[in-house]
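Shown next, in structure tokens, is the structure this report addresses.
The values are calculated or read from the model by the stated rules, or taken from the named source; none is laboratory data. No experiment lies behind these values; they were computed from the predicted model shown. Because the Cβ atoms are built from the backbone with ideal geometry, glycine has one as well, and the counts that use them run over all protein chains shown.
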């Protein structure tokens, strides 16, 4: 919103090289009954379960995504909200949210050879085909899944960005989290911390230190700075 001449040159150059990361996909399910986990029935009481074939499949899916390819066996995060708050679903039923964090922003190919990348966009057909692959993998661990599904919503990268403009290209972390854009270098190497070039304007959120998550760390750090007395104030109050 500022004219470019009011922004320091080093900030502008640093911002031009800011990178966004991989895209996210979310699948929300309503179930007519609680999920029945095959490996261990106690998993029904775990709030978040990760499904993957092992470290090799994790490495493969991450590397595939970084190169624009869809994973054959993606790493899947399954959230079970009713384990924390049973009121989230009527008695005897359940809900699941499924998150996929390792997806290319533009599709160049498919390791399984089943989905034509076309123009590379996450159109409805490609999104739903990939969601079907994911649900089939989840059903290997939850055998009653398909019979229990009563409603389904699939959110692709475009839908996720539309819901939150900070998640550019569906990046759930509001910016690549590799080391050169993390810790003291987040959001920019030329603009670390939360102070902006504009007096009394501070920047918080997932794209700033200490990064994404539910802890609210950036807001806490800024609040601490704003409420902290200056050196002169501390001297006067002695």
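Does region 30-39 contain any residue that is outside the structural domain of residue 191 (by TED's automatic domain parsing) and modelled with pLDDT under 95?
Looking for residues that are outside the structural domain of residue 191 (by TED's automatic domain parsing) and modelled with pLDDT under 95, one finds at least one in region 30-39, hence yes.
Looking at region 168-176, can you tell me whether even one residue there is buried (at least 16 other Cβ atoms within 10 Å of the Cβ) and farther than 25 Å from residue 7 by Cβ?
Yes, because at least one residue in region 168-176 is buried (at least 16 other Cβ atoms within 10 Å of the Cβ) and farther than 25 Å from residue 7 by Cβ.
For region 126-167: of the residues being assigned to a loop (DSSP other than H, G, I, E, B) and crowded, with 19+ Cβ neighbours inside 10 Å, which is nearest to the chain's Cα centre (by Cα)?
Here the answer is 167.
Restricting the search to region 147-167, which residues are modelled with pLDDT under 95 and more than 14 Å from residue 122 (Cβ to Cβ)?
Those that are modelled with pLDDT under 95 and more than 14 Å from residue 122 (Cβ to Cβ): 163, 164, 165, 166.
Which condition from (1) assigned by TED's automatic domain parsing to the domain that holds residue 30; (2) in contact with a strand residue (DSSP E or B) (Cβ under 7 Å, 6 or more places away or on another chain); (3) free of Cβ contacts under 8 Å to residues at least 24 places away in the same chain is the one that residue 156 breaks?
In the conditions (1) assigned by TED's automatic domain parsing to the domain that holds residue 30; (2) in contact with a strand residue (DSSP E or B) (Cβ under 7 Å, 6 or more places away or on another chain); (3) free of Cβ contacts under 8 Å to residues at least 24 places away in the same chain, residue 156 misses (3) alone.
Every residue in region 21-40 that is over 23 Å from residue 88 (Cβ atoms) and surrounded by fewer than 19 Cβ atoms within 10 Å (Cβ to Cβ), please.
If the condition is that a residue be over 23 Å from residue 88 (Cβ atoms) and surrounded by fewer than 19 Cβ atoms within 10 Å (Cβ to Cβ), then 38, 39 are the ones that fit.
Taking the residues in region 41-57 that are part of a loop (DSSP other than H, G, I, E, B) and out of contact with any helix residue (DSSP H, G or I) (no Cβ under 7 Å at 6 or more places or on another chain) as candidates, determine which candidate is surrounded by the fewest Cβ atoms within 10 Å (Cβ to Cβ).
Once the filter is applied, the top-ranked residue is 54.
Any residue at all in region 204-214 that is closer than 25 Å to residue 75 by Cα and not in a loop (DSSP other than H, G, I, E, B)?
The answer is no, given that none of the residues of region 204-214 is closer than 25 Å to residue 75 by Cα and not in a loop (DSSP other than H, G, I, E, B).
Could you list, in sequence order, the residues of region 22-45 that are within 30 Å of residue 64 (Cβ to Cβ) and touching a strand residue (DSSP E or B) at 6+ places or on another chain (Cβ under 9 Å)?
22, 23, 24, 25, 26, 27, 28, 29, 31, 35, 37, 43
Applying the selection to region 211-224, what residues are under 12 Å from residue 174 (Cα atoms) and either surrounded by 15 or more Cβ atoms within 10 Å (Cβ to Cβ) or in contact with a helix residue (DSSP H, G or I) (Cβ under 9 Å, 6 or more places away or on another chain) (or both)?
Scanning region 211-224 gives 211, 212.
Collect the residues in region 83-104 that are in contact with a strand residue (DSSP E or B) (Cβ under 7 Å, 6 or more places away or on another chain) and either surrounded by fewer than 21 Cβ atoms within 10 Å (Cβ to Cβ) or in a strand (DSSP E or B) (or both), keeping them in residue-number order.
Hits for region 83-104 are 88, 89, 93, 94, 95, 96, 97, 98, 99, 100, 101, 103.
Taking the condition touching a residue at least 24 places away in the same chain (Cβ under 8 Å) and part of a loop (DSSP other than H, G, I, E, B), does residue 184 pass?
no
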